[in-house]
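The values are calculated or read from the model by the stated rules, or taken from the named source; none is laboratory data. All figures in this text were calculated on a predicted structure; none of them were measured in a lab. Cβ placement follows ideal geometry from the backbone for every residue including glycine, while neighbour counts extend to all protein chains displayed. Accessible surface areas use protein heavy atoms only, side chains included; no ligands, DNA or RNA. Shrake-Rupley method; radii C 1.70, N 1.55, O 1.52, S 1.80 Å.
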Amino acid sequence: MPYEGAIYRPPSEANSLILQVTVGCSHNRCTFCSMYKDKSFRMKSKEEIFDDIDTYTNDFYTKAFLADGDAMLLPTGLLIEIIRRIRAKMPKIKRIGIYAHANNLKTKSVEELKSLREEGLNIVYVGIESGSDKILEKINKGITSGEMEKELMKISESGIKLSIMIISGLGGKELTHEHAVESAKLLSRVKPKFLSLLTLMLEEGTQFYNDVKNNKVELLNPEEILLETKLLIENLELNNTIFRVNHASNYLSLEGVLNRDKERILEEINTAVRDKDYIPEYFRRL
Ligand code: SF4
């Protein structure tokens, strides 16, 4: 499958057909992120997308994933046509997922999201990064926590599964407590089906990198990252959320269902902190 630039996809889409329906990120201004800096945002045309589907799909895949960063910005009608085409060409497809920036969701009504679910869109992945307005402003996320909550609730209301990603360490030492507590508050209100944590990777060339080098932000060490994760989990009130910390950027792998497995996960963090048993820095990557 042709793909412009590097491929980014959630860990759980490792075996999916990755179909690039937009190129880059329409926002592209978050201070820590260099993922799409080399790409100018554009929506691919229906002809390009259909050509990719017709040429590269095969019977092997049971899952498809629509990328890049904010594929949800495509008009609903076109997304429905894409989903129908994928399902027609790949009858074994059981799940279709998509990336969305929370701001993209402002372009979709609950009714439109319901139509997408009825056509076969199963899961939306949203990197909210933090529930703290102070941090969202500092990283230039372009949206507030309250606005995100409103948009994320639309996903849940539509019946599409919601998967949320948070970035551990994003507030640095100064805002680590705020990051954990405010993120937990937002997550407890939204109650996503899936929650995953990535850990901040410092990338040269970003504003965040410069802020660290100029001592404007002090990064957390592995132990502090785990203590932040512990505080986040302690403050979560979830019903049946599948929790995964299994990204290559993380210092410790964790998984379970929250709140059911809260005590066991907290104990695993305590043990890792006590034994200083972290994944080494040189193994970490985006
Ligand atoms: S973090 Fe997401 S929204 Fe922000 S610039 Fe990167 S891809 Fe775009």
(request) Examine segment 104-112 for a residue that is open to solvent by 20 Å² or more (accessible area, probe 1.4 Å), under 20 Å from residue 147 (Cβ atoms) and in contact with a strand residue (DSSP E or B) (Cβ under 7 Å, 6 or more places away or on another chain), and state whether such a residue exists. (result) no
(request) Give the residue that is least open to solvent (accessible area, probe 1.4 Å), with candidates limited to residues of segment 134-165 that are without any contact (Cβ under 8 Å) to a residue 24 or more places away in the chain and within 14 Å of the ligand (Cβ to nearest atom). (result) 136
(message) I'd like to know if segment 66-80 contains one or more residues that are outside any helix (DSSP H, G or I), away from the ligand (no atom under 16 Å from the Cβ), surrounded by fewer than 20 Cβ atoms within 10 Å (Cβ to Cβ) and touching a residue at least 40 places away in the same chain (Cβ under 8 Å).
(response) no
(request) Return the residue satisfying two criteria in turn: it lies in segment 12-42 and is more than 16 Å from the ligand (Cβ to nearest atom) and surrounded by fewer than 18 Cβ atoms within 10 Å (Cβ to Cβ), and of such residues it is nearest to residue 70 (Cα to Cα). (result) 14
(request) Return only the number of the condition from (1) aliphatic (A, V, I, L, M); (2) in contact with a strand residue (DSSP E or B) (Cβ under 9 Å, 6 or more places away or on another chain); (3) open to solvent by 30 Å² or more (accessible area, probe 1.4 Å) that residue 195 does not satisfy. (result) (3)
(message) Can you say whether residue 45 is over 20 Å from residue 123 (Cα atoms), within 16 Å of the ligand (Cβ to nearest atom) and either touching a Leu at 6+ places or on another chain (Cβ under 8 Å) or open to solvent by 10 Å² or more (accessible area, probe 1.4 Å) (or both), as far as the supplied structure shows?
(response) no
